[in-house]
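Got a structure for you, questions after.
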Amino acid sequence: GAGVSQSPSNKVTEKGKDVELRCDPISGHTALYWYRQSLGQGLEFLIYFQGNSAPDKSGLPSDRFSAERTGGSVSTLTIQRTQQEDSAVYLCASSLGPPAGKQYFGPGTRLTVL
Amino acid sequence: DQQVKQNSPSLSVQEGRISILNCDYTNSMFDYFLWYKKYPAEGPTFLISISSIKDKNEDGRFTVFLNKSAKHLSLHIVPSQPGDSAVYFCAASASYDMRFGAGTRLTVKP
């Protein structure tokens, strides 16, 4: 009965490096969401998966960001050539499916780009 | 483009009193509204929700009110307890699209 898990919990990287963030949703949840919370800001929607497909990628801040989901389960968010403004807490959530309702959040990955 | 706004970044109340957290939205397509509570170093946890067909939903000490004409919702906590101290996020959704406010930090003083 595990909840949503994310790894790593903290990531410090140098500007220009690539990072990969992982999310393990609750088993059986078909919908998976990625959000970003920058310091002092609310939760910024990044991308949504229904199964393995992402109907809407418009929330991704730039083409350096990409995400995939395999097997209807694990998802990875990849940020290429990281910039300092990418520093934030990246949160993953899952739910039983649309319409968007009660989402269960992971603890987040705190990304710091030096 | 902030479609969901929480204009009060912080709120402080005395234990036992009522806490009222407010939220405004701009998109009339939103049909489901939620409140999440977040403690430091943890992900948000679901607190209470309301569908657009209702104007009130109550769960124990927590009540959410929805005023569709004003595009406004509020969360009432009565009586407030020190353990309620956290950041509260308002969220609104239409289909899969969910938008969050910036959050209000509630401090309940003993």
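Enumerate the lysines that B:K109 could reach by cross-link, defined here as Cα to Cα under 25 Å, with residues fewer than 8 away along the same chain left out.
Reachable lysines: B:K37, B:K38.
If you don't mind, there's one more thing I want to ask. With charges set only on the Cβ (+1 for Lys and Arg, -1 for Asp and Glu), what does the dipole of the protein assembly as shown come to about its Cα centre, in debye to the nearest 20?
Result for the protein assembly as shown is approximately 320 debye, rounded to the nearest 20.
Further, regarding this structure: Just to confirm my numbers, what's the Cα centroid distance between region A:45-114 and region B:36-65 in Å?
23 Å
Which semi-axes, in whole Å and largest first, does the equivalent ellipsoid of the protein assembly as shown have when worked out from the alpha carbon gyration tensor as the square roots of 5 times its eigenvalues? Before the final figure, lay out each step's value.
On the way: eigenvalues 175, 78, 51 Å².
Taking √(5λ) for each Cα gyration eigenvalue gives 30, 20, 16 Å.
Now a separate question. Using only the alpha carbons of chain A, determine the length spanned along each of the three principal axes and report them from longest to shortest in whole angstroms.
Computed over chain A, the largest-to-smallest principal extents equal 37, 27, 27 Å.
Label points 7 Å out from Cα along the Cβ direction at B:K68 and A:K15: separation in nm?
The modelled label-to-label distance comes out at 5.0 nm.
Using a simple spin-label model with points 7 Å from Cα along the Cα→Cβ vector, what separation in nm is obtained for B:D31 and A:Q84?
4.5 nm
I need the Debye-formula profile for region A:72-114: one equal scatterer per C-alpha, no solvent, reported as log10 I(q)/I(0) at q = 0.18, 0.20, 0.32, 0.35 1/Å, two decimals.
Log10 of I(q)/I(0), two decimals: -0.66, -0.76, -1.18, -1.27.
Follow-up question, since we're still on this one. In nanometres, what is the gap between the two model label sites at A:D63 and B:S52, each 7 Å from Cα along Cα-to-Cβ?
3.5 nm
Only loop residues by DSSP count here, and only those with at most 15 other Cβ atoms within 10 Å; note down the trypsin sites (Lys or Arg not before Pro) in region A:49-93 that meet that.
Hits after loop and neighbour filter: A:K57, A:R64, A:R81.
Read the figures in this text as sums done on the coordinates, not as results from a lab. Please read all numbers here as calculations on a predicted model, not as lab measurements. With ideal geometry, Cβ positions are generated from the backbone for all residues, glycine too; neighbour counts draw on all protein chains shown.
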